[in-house]
Amino acid sequence: MNEQHLQTSAKPDAIALVGPTASGKTAVALALAEAMQTQGGIEIISLDSALVYKGMDIGTAKPTEQERAQVPHHLIDILEPTQSFSAAEFAREAARLVADIQARGKMPLIVGGTMLYLKALLEGLNDIPAANAEIRADIHQQAQKLGWPAMHGLLAQIDPTTAARLAPGDSQRIGRALEVWTATGQTLSSFHQSAKTPTADWQIPVISLEPSDRAWLHQRIAQRFDHMMADGFMDEVQQLRARGDLHPDLPAMRCVGYRQAWEGLEANWSQTEIRERGIFATRQLAKRQITWLRSMPNRWVVGSEEPQACARVIDLTRQMAL
């Protein structure tokens, strides 16, 4: 979208600032918070499936305490890594927070790159049942005996549509599909084909920080991973492993970077191999995020590598918030 088509007739309920990992969202959000103080101020709602977890700070590039003191942040450090947080739960929490922030006379700014969460908030989700810890534990116990490729074969008999789009080693999604079947007797694909739950008629314009130069983003990803390693990322993962209540199939431990570090520590990989695999996985994540963003026609694209990117986002937000 171009600025000349920006409609400011109705004040939005919130504004979303999205983009692939390492595109500079946090820095822009903090600059935006400072710039918007004269217009009532903003509060940030994190749109990130990893930032919800306590004790996972370095590998998630979590905003520092100093940064979080500059502007209120929400949905950060709300869960233990043993827990899960679904898109539906995000939508419920975000809806509550939007209303609370508005009541304080401020603008909610939704910042992050977990696009399924934003989709859940804006469009609703199919009425898929919530996670069932007991059923999930039984499935994982069975998988330990048979292996995940065998569980994938079982899923192929029950729900061939879902199985066809999953890799045989995708334990998280295979387990979830089998869990849904066990709990309801219905396939996950049938839920995806059913009607979505109704949502509020949100007016949430989306500003997207997207690089036109993929090499620029790849360099940023590598630099950030190197900074993480220098800041003690491997020590952080060692501490998580030492807790004794975590395992690599938990959603928290499947986050990009953490998964590769955990596997590397178990397999005695070198630091170089962990770095290379972590950077590669992060690039793949960014590629998926960009693909998702490009499927959204109603977004305001700002080139993340542009020198004036921050100023453009501030200008757009001011126009929208008037």
- Note on the structure: Selection from the stretch 125-134 of residues assigned to a helix (DSSP H, G or I) and under 25 Å from the mean Cα position of the chain (by Cα) yields 133
- Single residue of the stretch 248-258 satisfying the filter (modelled with pLDDT under 95 and assigned to a helix (DSSP H, G or I)) that is farthest from residue 270 (Cα to Cα): 252
- Note on the structure: Scanning the stretch 270-298 for residues that are at pLDDT 95 or above and not in a helix (DSSP H, G or I) gives 270
- Filter the stretch 48-86 down to residues that are of a type in the set (Gly, Ala, Ser) and surrounded by fewer than 18 Cβ atoms within 10 Å (Cβ to Cβ) and give me whichever is modelled with the lowest pLDDT. 69
- Query: Are there any helices (runs of 4 or more DSSP H) wholly within the stretch 1-106 with 3 or more residues that are small (Gly, Ala, Ser), and if so which?
  - Reply: 25-35, 87-103
- Given (1) at pLDDT below 90; (2) exposed (fewer than 14 other Cβ atoms within 10 Å of the Cβ), index of the condition residue 164 fails: (1)
- Query: Residues of the stretch 219-232 being part of a helix (DSSP H, G or I) and either among the small types (Gly, Ala, Ser) or in the same structural domain as residue 140 (by TED's automatic domain parsing) (or both), which ones?
  - Reply: 222, 230
- Message: Quick test for you: out of 267, 321, 309, pick the one residue that is of a type in the set (A, V, I, L, M, F, W, C), modelled with pLDDT of 95 or more and farther than 20 Å from residue 20 by Cβ.
- Response: 267
- Query: Given 245, 201, 235, which one is modelled with pLDDT under 90 and either in a strand (DSSP E or B) or surrounded by fewer than 14 Cβ atoms within 10 Å (Cβ to Cβ) (or both)?
  - Reply: 201
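To keep it simple, each residue is scored yes or no on (1) touching a strand residue (DSSP E or B) at 6+ places or on another chain (Cβ under 9 Å); (2) free of Cβ contacts under 8 Å to residues at least 60 places away in the same chain; (3) within 24 Å of residue 176 (Cβ to Cβ).
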| site | (1), (2), (3) |
| --- | --- |
| 205 | yes, no, no |
| 256 | no, no, yes |
| 263 | no, yes, yes |
| 273 | no, yes, no |
- Query: in the same structural domain as residue 120 (by TED's automatic domain parsing), closer than 20 Å to residue 36 by Cα and of a type in the set (Ser, Thr, Tyr), is that true of residue 317?
  - Reply: yes
- Query: Can you find even one residue in the stretch 89-101 that is closer than 26 Å to residue 246 by Cβ, hydrophobic (A, V, I, L, M, F, W, C), under 18 Å from the mean Cα position of the chain (by Cα) and crowded, with 17+ Cβ neighbours inside 10 Å?
  - Reply: yes
- Are any residues in the stretch 248-276 loosely packed, with under 15 Cβ neighbours inside 10 Å and among the hydroxyl-bearing types (Ser, Thr, Tyr), and if so, which ones? 270, 272
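The values are calculated or read from the model by the stated rules, or taken from the named source; none is laboratory data. It should be emphasised that the depicted structure is a prediction, and the values quoted were computed from it without experimental measurement. For neighbour counting, all protein chains shown are included, and Cβ atoms are generated from backbone atoms with ideal geometry for every residue, glycine included.
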